[in-house]
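Presented below is the structure to which this report refers.
The values are calculated or read from the model by the stated rules, or taken from the named source; none is laboratory data. Keep in mind that what you see is a predicted model, and the values were worked out from it rather than measured. Ideal geometry is used to build each Cβ from the backbone, glycine not excepted, and the neighbour counts take in all protein chains shown.
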Amino acid sequence: MIHKPFHRTHTDMLGERPAPLATVGVMGWMRANLFSSLANTVLTVLAIYLLWVSIPPFLQWAIFDGQVYGENRFSCKGEGACWAWLDQRIGQFLYGFYPSEETWRINLALVLLFPALAPWLMENVPGKRYLRWFSVFYPIIAVFLLVGGFGLTEVSTDALGGFTLNLVVGLAGIVLSLPVGILLALGRQSRLPLIRWFSIIFIEVVRGVPLITLLFVSNIILPIFLPADVALNSVARVIVMITAFASAYMAEVIRGGLQAIPKGQYEAAQAMGLGYWQSMRLIILPQALKISIPGIVNTFIGLFKDTTLVIVIGLFDILGISRAMVSNPDWLGLSSETYVFVSLFFFVVCFAMSRYSMSLERKLDTDQR
Amino acid sequence: MKMKTLSGIAVVASALLILTACDEAKEAAAPAPAPVKSATLDDIRASGELKCGINTGLPGFAFTDDKGNWTGFDVAYCRALAGAVLGDPDKVKWVNLTGKNRFPALTSGEIDVLSRNTTWTLSRDVDLGFTFVGVNYYDGQGFIGRTALGAKSLTELDGASICIQTGTTTQLNLADFFRVNKISYEPVPIETNEEARKAYEAERCDAYTTDASGLAATRSTFPDPKAHMIFPEIISKEPLGPLVRQGDDQWADVARWTLNALINAEEFGITSANVDELAKGTDNPEINRMLGTEGSLGKMLGLNKDWAVHAIKAEGNYSEIFERYLGKNTSLALDRGLNALWKDGGILYAAPMR
C-alpha cells in the first residue's frame, strides 16, 4: 500500500487573508478599546448613557432653542438659552468700561502683541533679532496705548475691564513671574545666607497665604498705612500681588527642576571653568527649565484663572462684568448663559496654553529616555 | 527685623493718633468758626470728583446699562450728592465694593460716601465709627409664594414648605417669626440664593424667603411672574441708607440734607421737570428756602445756594428715582410700601428745611 507522504508542514505558501474582522477596523478598535473586558464594557455603556442624557439637552438649550438677537431678556421667548446680551453687551465683555471711541487702542495693543510674542514662542520667525528688541519695548508701548497721555486721551485704569483686564493682568503676571521665580529658586539654593533666607521667607509666606488675602491686603491694609494722597493704582496693585503669588509657586516648580539635574552636571560646569552665572545660564537652567515645563505651564494656567479674583477688590474682569450685567433688570436671571460663555472663553485660552506646552515638550525632547 | 518694622509702624501710627486727637481737642475748644470747614468737602472740591462706593451689582440698586454706565437707586443718590456739592451729577468716581471691603474702603478714605444697600445697625454706627445719614430704603425680609396656594397672608401658610438660604439672619428671623405666631412650617435649607430661587421654581417648596427688594427681582425672572405673589408681611427691619466716616460732621450734614432734600422735594411736588421753573421763585416759602431763593440754607451747609436745585436735577426727587429703578414700571415692580411718604401711609419723613 502506497502511503501518501504525510506532511506536517505546508509545502507551499498560504495565500494572504484579511485579518479577522474582530481585530481590525471600527469593530476591532471598539473591541480593543471599549469592550475589552466586562468592567470596561460596563464603563463604556455608562459613559455613553451619561453623554446621551447630558449633551443633547445642552445643545438643544444652548444652540437649537437659543436666541441670539434681542433688545433685552423679554425679547427672548421660549425655553432656550437667551444669548441676546451678546448682541448688546459684547463690547463690555471685551473692553470693560473703556470709552467706546478709544477701543481701537486696545485692539492695536492686541495686534502688536503677536509680533512681540512670536520670537519667543516660535522658532522660524523672520527678523527674529529685531522682533526681540521690539518685544522688549512692547510693555511700554502697551501701557502707553492703554493708559494714554503724550497726545492720546488719558483713560483711567479703572476703566479697564472684561477680557482686556484678564489679558493685561494675566500676561503681566506670566511675563514677570517666570524671571522672578527663577531668581527665587536660585536664591533658595544660594550659599549666601541673606539671599537664601530672604528667598525662603518670601516663598513660604506668600505660598502660605491665599491669593484672595493678598489682594485684600493690597487693597485694604496698604491704604491705611500709606498717606492719604498716595493713591496706588489698583490694577498695578493686582499685578504686583498676582506676580508675587505666582512667582512663589514658580520658584518651587523650578527648584524641583534644579534638583533633578544630576550633580555631575554642576561639577562638569565647574570643571570647565564656568562661573556661577555662566554655568547656570549655559548648563543648568536650560535643562532644569525643560524638565519643569509642565509645572511652569500649570502655574501659568492657574494664574490666568486667578485673574477672576480681582472682583473682590472691585475690578470688573470678564466674570465680574457678567455679574454686573445680570443685575440689570433688563437681563436678570441669565446667569447660566453668562457662566457658559465665560467658561468657554477660559477653556479656549487655557487649552491653547496647554497644547503649546505639549508641542514645546516634544520639540525639546532630546532626552536619554 | 520684622518685629522692628512692625513696632516702627505702631509707633508712627500711635504718634499720628495722638496728633489727630490734639487737633480735634483744639478745634473743639475754639469757638465755632464763621465759615464752616470740612476736610472731605474741601478734598472733593479740590479733586473735582465725589468718590462714591456702590455695589458690584444688585438689581435695581446698582447695575450697568448697555453703554457701561452705572445706574440704579443707590447710584442716583450719589449723583444727586455730586450735583449738590459740585453742581454736576456726572462728576462721580464709582468704586465698586463687595460686602467684605465696603467698610475698610470708607475707613481708609478710598471713598467719601458709601451708598451700597447697607443696613443701619448700632454696631456699625458706633463700633465701626461711621455716621449713617438717613434711610433711603426700608427693606426687610419678605416671602414669595405661588398664587395658586390661595394664601393672602403669612399666617395662612400653616404647614407650608419654605425655601431658605442657610446660615443667614434670614433663617433665624424665619424661625422666630413662625414660633411667635405659632405657625408650623417645613424649612427647605439651601446653600445659595440662586439655588434657592431655582428650587422654588422647580416647586420643591411652596414659598421662598429673602430680602423683600430681592424678591421682586426674583419674581421678574420667572416665566410667568403673575403666578407668584409677594406676601405683604415683612418680618425683619433692614433700614438701608448712605453712610460717611465719623469725625467730619459738616460732610455728614451735607450728605444727610441732600437725602432730606430729595424726600422733601417729593413732598413739595418739586420734580426734575419743574425744578428750574420753581427755582425762579414761588409763593411757597418752604420751596423758596430749599431752592435757595430765600434764606441761606446753602451757605450754612458750606454749599452754593442752588445746591438743592442741582441735587434734584440729577435724577429727580425721591419718588422719581424710586419709580425709575424699582417702581411699578420696572421689572422689579416694587410697591412703595414703607417707603411711601408719611402723608401717604409710609414712614418716609424728612426733617423740615428751615
> Among the residues of the stretch B:75-93, which ones are more than 8 Å from every other protein chain (Cβ to nearest Cβ) and either more than 25 Å from A:N233 (Cα to Cα) or in a strand (DSSP E or B) (or both)?
Replying inline: B:A76, B:Y77, B:A80, B:L81, B:G83, B:A84, B:V85, B:G87, B:D88, B:V92
> Out of the residues in the stretch A:169-178 that are of a type outside the set (A, V, I, L, M) and under 13 Å from A:A244 (Cβ atoms), which is nearest to the chain's Cα centre (by Cα)?
Replying inline: A:G173
>> Being closer than 30 Å to B:T218 by Cβ and touching a helix residue (DSSP H, G or I) at 6+ places or on another chain (Cβ under 8 Å) is true for just one of A:V53, A:V68. Which residue is that?
In response: A:V68
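To keep it simple, each residue is scored yes or no on (1) within 14 Å of chain B (Cβ to nearest Cβ); (2) not hydrophobic (A, V, I, L, M, F, W, C).
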| position | (1), (2) |
| --- | --- |
| A:I203 | no, no |
| A:L211 | no, no |
| A:S234 | yes, yes |
| A:E252 | no, yes |
| A:G256 | no, yes |
| A:Q287 | no, yes |
| A:V297 | no, no |
> Looking only at residues in the stretch A:320-344 that are more than 10 Å from chain B (Cβ to nearest Cβ) and crowded, with 22+ Cβ neighbours inside 10 Å, which one is nearest to the chain's Cα centre (by Cα)?
Replying inline: A:T338
> Checking B:E286 against (1) at pLDDT below 95; (2) under 19 Å from B:C78 (Cβ atoms), which test does it fail?
Replying inline: (2)
>> Restricting to the stretch B:301-333, give me the number of residues that are within 17 Å of B:A76 (Cα to Cα) and in contact (Cβ under 8 Å) with a residue 40 or more places away in the chain.
In response: 20
>> Quick check on B:G281: is it farther than 24 Å from B:E110 by Cβ, more than 24 Å from the chain's Cα centre (by Cα) and at pLDDT below 90?
In response: yes
>> If I ask for residues that are touching a Leu at 6+ places or on another chain (Cβ under 7 Å) and part of a helix (DSSP H, G or I), which ones from the stretch A:318-351 would you list?
In response: A:V326, A:P329, A:V342
> List the pairs whose first member sits in the stretch A:154-176 and is within 14 Å of chain B (Cβ to nearest Cβ) and without any contact (Cβ under 8 Å) to a residue 24 or more places away in the chain, whose second member is charged (D, E, K, R) and surrounded by 24 or more Cβ atoms within 10 Å (Cβ to Cβ), and whose Cβ atoms are under 6 Å apart, counting only residues at least 6 apart or on separate chains?
Replying inline: none
> So B:E201 fits all but one of (1) in contact (Cβ under 8 Å) with a residue 12 or more places away in the chain; (2) away from chain A (no Cβ under 14 Å); what number is the exception?
Replying inline: (2)
> What is the number of the single condition among (1) free of Cβ contacts under 8 Å to residues at least 40 places away in the same chain; (2) under 29 Å from the mean Cα position of the chain (by Cα); (3) within 14 Å of chain B (Cβ to nearest Cβ) that A:P99 does not meet?
Replying inline: (1)
> Cβ-Cβ below 7 Å, separation at least six or inter-chain, first residue in the stretch A:10-32 and modelled with pLDDT under 80, second among the small types (G, A, S): which pairs?
Replying inline: A:A22/A:G28
> Is one or more of the residues making up the stretch B:86-99 farther than 21 Å from A:L160 by Cα and crowded, with 24+ Cβ neighbours inside 10 Å?
Replying inline: no
>> Return the residues of the stretch A:105-126 that are without any contact (Cβ under 8 Å) to a residue 12 or more places away in the chain and either surrounded by 12 or more Cβ atoms within 10 Å (Cβ to Cβ) or touching a Leu at 6+ places or on another chain (Cβ under 8 Å) (or both); say none if nothing qualifies.
In response: A:N107, A:V125
>> Looking at A:A248 and the list (1) free of Cβ contacts under 8 Å to residues at least 40 places away in the same chain; (2) of a type in the set (A, V, I, L, M); (3) not in a loop (DSSP other than H, G, I, E, B), which single condition is not satisfied?
In response: (1)
> Out of A:L315, A:L309, which single residue is within 14 Å of another protein chain (Cβ to nearest Cβ), touching a Leu at 6+ places or on another chain (Cβ under 8 Å) and part of a helix (DSSP H, G or I)?
Replying inline: A:L309
> Hey, among the residues in the stretch A:63-95 that are more than 30 Å from the chain's Cα centre (by Cα) and not in a loop (DSSP other than H, G, I, E, B), which one's nearest to A:S135 (Cα to Cα)?
Replying inline: A:Q67
> Name the residues in the stretch B:127-151 that are over 30 Å from B:P242 (Cα atoms) and touching a residue at least 24 places away in the same chain (Cβ under 8 Å), would you?
Replying inline: B:G145, B:R146, B:T147, B:A148, B:L149, B:A151
>> Residues that are over 30 Å from B:D42 (Cα atoms) and touching a residue at least 40 places away in the same chain (Cβ under 8 Å): does the stretch A:273-287 have at least one?
In response: yes
> Would it be correct to say that B:R124 is assigned to a loop (DSSP other than H, G, I, E, B), under 21 Å from the mean Cα position of the chain (by Cα) and basic (K, R)?
Replying inline: no
>> If I ask for residues that are in a loop (DSSP other than H, G, I, E, B) and surrounded by 11 or more Cβ atoms within 10 Å (Cβ to Cβ), which ones from the stretch A:11-53 would you list?
In response: A:V24, A:L34, A:F35, A:S36
> Taking interchain pairs and intrachain pairs at least six residues apart, which have beta carbon atoms under 8 angstrom, with the first residue in the stretch A:289-310 and acidic (D, E) and the second surrounded by 17 or more Cβ atoms within 10 Å (Cβ to Cβ) and assigned to a helix (DSSP H, G or I)?
Replying inline: A:D306/A:L211; A:D306/A:I242; A:D306/A:F245; A:D306/A:A246
>> Here is a check on your reading of the model: is B:L41 outside any loop (DSSP other than H, G, I, E, B), crowded, with 19+ Cβ neighbours inside 10 Å and over 17 Å from the mean Cα position of the chain (by Cα)?
In response: yes
> Which one of B:T166, B:T64, B:T119 is buried (at least 16 other Cβ atoms within 10 Å of the Cβ), more than 8 Å from chain A (Cβ to nearest Cβ) and not hydrophobic (A, V, I, L, M, F, W, C)?
Replying inline: B:T119
> Can you name the condition, by its number, that A:Y356 falls short on among (1) touching a Ser or Thr at 6+ places or on another chain (Cβ under 7 Å); (2) farther than 22 Å from A:G80 by Cβ?
Replying inline: (1)
> What residue, among those in the stretch A:156-204 that are of a type in the set (S, T, N, Q) and farther than 30 Å from A:E101 by Cα, is surrounded by the fewest Cβ atoms within 10 Å (Cβ to Cβ)?
Replying inline: A:Q189
> Mind checking whether some residue in the stretch A:121-141 is more than 27 Å from A:E337 (Cα to Cα), modelled with pLDDT of 85 or more and within 14 Å of chain B (Cβ to nearest Cβ)?
Replying inline: no
